[in-house]
Every structure is written in C-alpha cells, then in structure tokens.
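Trainee: One structure, as structure tokens, below. Some questions next.
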Amino acid sequence: MGERAQYVVVENGAWQRYYSHWAASRVVDDLLPGPVAATRCFRANREIDEWLDDVWCEGAALVDHDRRILLWFAFADSWADHIAARAVLARTWPGWDVRFAHDGMGDLTHHLGLGRDLTRAPGWFETFEPTGFTATEYTEPCAVASLRLPDGSVRAWGSDWEPLAHLAGGPGLIDLLVPSPASPALTDMPYGGVHFDPRARTVSLWAVQSVAGIHDWPLPGWEDWVLDFRGDDHTQQAALLPADFPFPQPPLAPALRRLGNGLSTPPPDHGALLARATAAPGPEGTVPVVNPAALVPHEPADPTPAELAALCTVLDALVAEAEAD
C-alpha cells in the first residue's frame with residue numbers, strides 16, 4: 001500500500017535521491033511552483049541510496065540544475081489534467097527543458113548515464129499472445145486503436161487496454177481488430193492511442209502516461225516494424241481518424257482550476273491510519289506488519305508566499321486564455 005515517489009536532484013555535478021511513501025499523486029503539485037520550490041520540497045524528504053523500479057515507483061521527478069532539465073512522470077486523472085499540468089510547467093519553469101518521462105524510471109537512469117535497465121530485470125517486459133480483441137462499449141476508453149486497411153481507409157476502435165498493451169500483444173493483434181464492431185463515439189479523450197499501418201510496416205503510439213519500455217524498440221514481435229513514437233502528441237492520430245470517430249476537445253479551464261484547488265489541499269496523513277490499524281489485533285492472533293516508511297506522512301516544504309502568488313498568476317492567465325479560445 002502506498003503512493004511511492006522518488007526524486008532526484010542534480011546540482012554541481014552531483015546527484016542525490018529522495019523518497020516519499022505517499023507522494024506519487026502529488027508529484028505535479030510539488031513541481032508546479034517552479035524549480036526552486038520543487039527542489040526545496042524534494043530535499044525535505046528522506047534521502048536514500050537505492051532506486052525504486054517501475055512497479056513500485058508510481059511517480060518521480062528528476063531536477064537537473066546543471067543542464068536545466070526536468071524529467072517527471074505521474075498518473076493524471078485525465079488527458080486534460082496532463083495537458084493542463086504541461087501548460088503550467090512550461091511557464092513556471094522558464095528556460096528549462098521540461099520533459100514527461102514516458103519510459104518511467106528508465107528515462108531518469110538514462111539521463112544520469114546509467115542506462116535504461118538499471119532497475120529492470122532481464123525479460124521484464126511482459127508480452128502475450130492475443131486471442132481476441134473486443135472494442136469497448138464505453139465512450140471514455142483508455143486508448144484508441146486505429147488501423148489503415150488495404151484500400152487506404154482507416155478504421156478506429158475504443159479500447160480498454162493500456163496504450164502499450166497493444167504492442168505487447170505483437171502484430172497478431174492487427175488481424176483481430178478488423179472483425180471488431182464499431183465503437184461508440186468518444187465523449188472524452190483517451191490516455192493514449194496506437195495506429196497500425198501494415199503496408200508501411202509502421203506503428204505509431206502516443207500517451208499521456210508512462211509507457212515503460214517504449215525506447216527498447218523493437219519490442220518482441222516487431223523486429224521488422226518502424227516505431228513512430230509521438231510522446232503525448234495526439235494530433236497525428238487525430239488527423240487519421242474517420243470523420244465519424246473524432247477525438248473530442250475537452251476544455252482545459254476546469255483542469256487548470258483543479259490544479260489551483262489542489263494548492264490549498266494538504267496531503268492526507270495515511271500514516272496515522274496505518275498506525276491505528278497495526279495497533280489493532282489481527283485475525284486469529286496474527287500480528288499486522290507494515291512497512292515503517294508507510295508511517296511517515298508526506299510533508300512537503302510549502303512554497304513561499306511569493307512562489308505561490310506567482311503560480312496563481314500563471315494559473316489565472318492560463319484559465320483566461322483557455323476560456324477565450
């Protein structure tokens with residue numbers, strides 16, 4: 001249990017790692033006020049000498065002051081929440097190269113010159129043999145899969161699979177897409193999309209979440225295919241979708257307001273709840289055991305009044321711009 005987050009701060013040629021057991025959902029909140037505030041916040045956490053892996057780390061950030069590069073990943077509740085966070089960070093980190101770490105911990109360790117597999121065991125990327133594909137009946141799918149047919153037309157389906165799962169299944173998935181019935185029109189943006197072009201032997205993928213392993217191309221089964229990885233840019237797939245299955249355009253103003261509302265919401269103290277749980281007797285005399293790190297609440301160093309005021313100014317400006325569009 002937990003929302004484990006890892007932070008790395010690079011400064012003056014040295015780097016340190018920090019850890020919080022409950023901060024994965026607050027990585028974006030802690031980054032929003034800018035590099036000075038974020039660094040102070042991360043250094044307020046426990047320094048550690050180990051790496052989390054892609055399974056246990058649910059959010060992370062690397063702040064490289066020497067090269068002015070920010071790498072980060074965390075789960076966003078929606079496409080709009082991710083895009084809103086990107087818009088704010090672009091203004092509160094001026095002069096910095098702000099990158100979403102699509103390869104998860106692999107991007108962080110690669111940046112430090114340690115390779116992408118430092119935290120990954122051999123054969124860690126799990127593949128499977130798809131036996132079927134059923135397009136989702138929901139209007140808010142996890143992903144959209146599209147396929148260029150032999151006659152040049154394109155079909156598309158909503159999918160309950162994670163974006164990268166469409167590649168983990170190998171090219172055999174393509175033949176399973178064709179007989180799938182049409183999906184209902186989308187009412188919200190998915191978390192990602194994949195487009196197959198068998199004639200060109202090209203597969204394109206975009207996502208607003210981490211897709212760990214994407215830079216280890218070719219993935220198993222795709223040895224004679226070319227990957228066109230688009231980061232979090234959905235526009236290429238949007239241009240390919242059939243006219244009756246377009247991507248919607250969710251407004252950004254509500255997502256920007258949610259970011260502002262989160263500034264005044266303190267992180268919950270999960271540790272106190274777990275402490276009470278461990279104090280209670282277990283069933284049939286068993287003894288509850290809890291990771292000691294789970295009892296330490298996330299206590300970020302709050303931004304200064306000036307940092308908070310500057311952030312609110314940015315948010316107000318972005319909301320006004322979004323509503324004017």
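Trainee: Which pairs turn up if I take residues in the stretch 86-106 that are under 28 Å from T119 (Cα atoms) and free of Cβ contacts under 8 Å to residues at least 40 places away in the same chain and look for partners that are in a loop (DSSP other than H, G, I, E, B) and open to solvent by 10 Å² or more (accessible area, probe 1.4 Å) with beta carbon separation below 6 Å, at least 6 apart in sequence or on another chain?
Mentor: From the stretch 86-106, no pairs qualify.
Trainee: May I ask you to say which residue of T92, T139 is under 23 Å from L318 (Cβ atoms) and among the hydroxyl-bearing types (S, T, Y)?
Mentor: Going through T92, T139 in turn, the sole match is T92.
Trainee: Check whether at least one residue in the stretch 178-192 is crowded, with 22+ Cβ neighbours inside 10 Å, in contact with a helix residue (DSSP H, G or I) (Cβ under 6 Å, 6 or more places away or on another chain), not hydroxyl-bearing (S, T, Y) and not in a strand (DSSP E or B), and report yes or no.
Mentor: For the stretch 178-192, residues crowded, with 22+ Cβ neighbours inside 10 Å, in contact with a helix residue (DSSP H, G or I) (Cβ under 6 Å, 6 or more places away or on another chain), not hydroxyl-bearing (S, T, Y) and not in a strand (DSSP E or B): present.
Trainee: Still on this structure: Let me spell it out: the conditions are (1) without any contact (Cβ under 8 Å) to a residue 60 or more places away in the chain; (2) crowded, with 17+ Cβ neighbours inside 10 Å; (3) among the polar types (S, T, N, Q); (4) more than 22 Å from V208 (Cα to Cα), and T131 meets all of them except one. Which number is the exception?
Mentor: Against the list (1) without any contact (Cβ under 8 Å) to a residue 60 or more places away in the chain; (2) crowded, with 17+ Cβ neighbours inside 10 Å; (3) among the polar types (S, T, N, Q); (4) more than 22 Å from V208 (Cα to Cα), T131 comes up short only on (2).
Trainee: What residue, of G285, G262, is at pLDDT below 95, open to solvent by less than 40 Å² (accessible area, probe 1.4 Å) and either under 28 Å from V28 (Cβ atoms) or out of contact with any Lys or Arg (no Cβ under 7 Å at 6 or more places or on another chain) (or both)?
Mentor: Answer to the selection: G262.
Trainee: Report, ordered by the first and then the second residue, all pairs with beta carbons closer than 6 Å, sequence separation of six or more or different chains, a first member in the stretch 4-15 that is at pLDDT below 95, and a second member that is open to solvent by 60 Å² or more (accessible area, probe 1.4 Å) and among the acidic types (D, E).
Mentor: Sorted first by the residue in the stretch 4-15, then by its partner, the pairs are R4/E58.
Trainee: What is the one condition in (1) at pLDDT 95 or above; (2) open to solvent by 10 Å² or more (accessible area, probe 1.4 Å); (3) part of a loop (DSSP other than H, G, I, E, B) that P163 does not satisfy?
Mentor: Failing condition for P163: (2).
Trainee: Report, by residue number, each residue of the stretch 1-51 that is open to solvent by 20 Å² or more (accessible area, probe 1.4 Å) and either within 16 Å of F100 (Cβ to Cβ) or within 16 Å of the chain's Cα centre (by Cα) (or both).
Mentor: E3, R4, S25, R26, V28, D29
Trainee: Scanning the stretch 139-152 for residues that are open to solvent by 30 Å² or more (accessible area, probe 1.4 Å) and either under 22 Å from the mean Cα position of the chain (by Cα) or free of Cβ contacts under 8 Å to residues at least 24 places away in the same chain (or both), which turns out nearest to P181 (Cα to Cα)?
Mentor: T139
Trainee: Kindly provide the set of residues from the stretch 205-251 that are touching a residue at least 12 places away in the same chain (Cβ under 8 Å), open to solvent by 20 Å² or more (accessible area, probe 1.4 Å) and not in a loop (DSSP other than H, G, I, E, B), ordered by number.
Mentor: Of everything in the stretch 205-251, those that are touching a residue at least 12 places away in the same chain (Cβ under 8 Å), open to solvent by 20 Å² or more (accessible area, probe 1.4 Å) and not in a loop (DSSP other than H, G, I, E, B) turn out to be V226, L227, D228, F229, Q236, L240.
The values are calculated or read from the model by the stated rules, or taken from the named source; none is laboratory data. Being a predicted model, the structure only gives us computed values, none of them experimental. In this analysis, Cβ positions are derived from the backbone assuming ideal geometry, glycine residues included, and neighbour counts consider all displayed protein chains. Note: accessible area is taken over every heavy atom of the protein model, side chains too, but ligands, DNA and RNA are not part of it. Shrake-Rupley method; radii C 1.70, N 1.55, O 1.52, S 1.80 Å.
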